[in-house]
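Here the structure comes first, spelled out in C-alpha cells, and everything after it is commentary.
No value in this document is a laboratory result; all are computed from the given coordinates. Quick caveat: nothing in here was measured; it's all calculated off a predicted structure. Don't worry about glycine lacking a Cβ; one is built from the backbone with ideal geometry, like all the others, and counts go over all protein chains shown.
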Amino acid sequence: MSDDIDSKALEGPHPSERPETSRRRNPQGIRIDPDAEAEPDTRQVVLSALVAHEPGVLANVASLFSRRQFNIESLTVGATTDENRARITLVIEEPDPGIEQAKKQLQKLVPVVSVTELPADATRRDLALIKVDGTHPDQVQSLAEMYGGQAVDAGQETVTVEITGSEQKIDAAIDAFERFGIVEIVRTGTAALTRGAERTAPNGPQIAEPESKEVPADD
C-alpha cells in the first residue's frame, strides 16, 4: 500500500518538461520581476541656471554633473542683462527623479542664483558651423539658403556655412551637406528662453527702466 502511495506522489512532468518562468534570479537566488527591473522612461528637458558671473562657476557645475553621472546633452553659458550674472543652459535626459535631483543639486551650489526647468514650448536655438569641400561653392550656398543659413567663409578648398535653428533642423542640414563632403563641424549647444512675457529666471535681474530726461522749463 505504501509503495503505491509513494509511486503516485512521484508522478508528474519531468523537470525538463515543466514550463519555464520568464523571471530570472539574482545572485542570492531571489526571483527578479522583469517589469521592476526595466529601465525607467527618460525625457529631455532644458534647465536654465542664473549664476554669479565669476571664475570657476562653469567648472563647479560641470564637476557636479560629472560626479552625479547626469546625462548632459549640451551645456552653454553666456552673459545676461546684468554684468554680475551669467546664464547656464543645460539640456539633460533623465527619468523624472533624476531631473528633480539635478535641479536640487544645482540649486545648492553657492554661485547659483536660481534654477528653472523650461516648458516644452520654450524658444530653443542651436548654431552650427559646417565646413565642406569647396568644389561646388554655388551649390553649397544655395543649400545653405534653403536652411536659412549663409556662407561665412569661402576659399579655394573649403566653404564654411552657418546654420541656426532647432536641433532637428541642424541635424537635417548636416545630413544634406554630406553630399559635398564635410570636413569638420562645430555646434554651440542649446540656448533657450521662455516665450512671451514670462521670465526665464523668476529671480533674475530686472531690465532697468530708461532714465527720463528732464526738459528745462522755458524762462
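Couple of notes before you dig in:
- Most positive-pole-ward Cα, GLY148, LEU47, PRO137, against dipole of the range 26-169 from beta carbon charges: LEU47
- Put simply, the Cα atoms of the range 123-193 extend 39, 19, 18 Å along their principal axes, the longest span coming first.
- Assigned charges on the beta-carbon of Lys, Arg, Asp, Glu; the range 43-117 dipole about Cα centre (debye): 200
- Reducing the range 175-194 and the range 77-139 to their Cα centroids gives an inter-centroid distance of 16 Å.
- Length, then width, then depth: along the principal axes, the Cα atoms of the range 74-214 run 55, 52, 26 Å.
- D_trans [Stokes-Einstein, Kirkwood Rh over alpha-carbon pairs] for the range 36-155, 25 °C, 0.890 mPa s, µm² s⁻¹: 145
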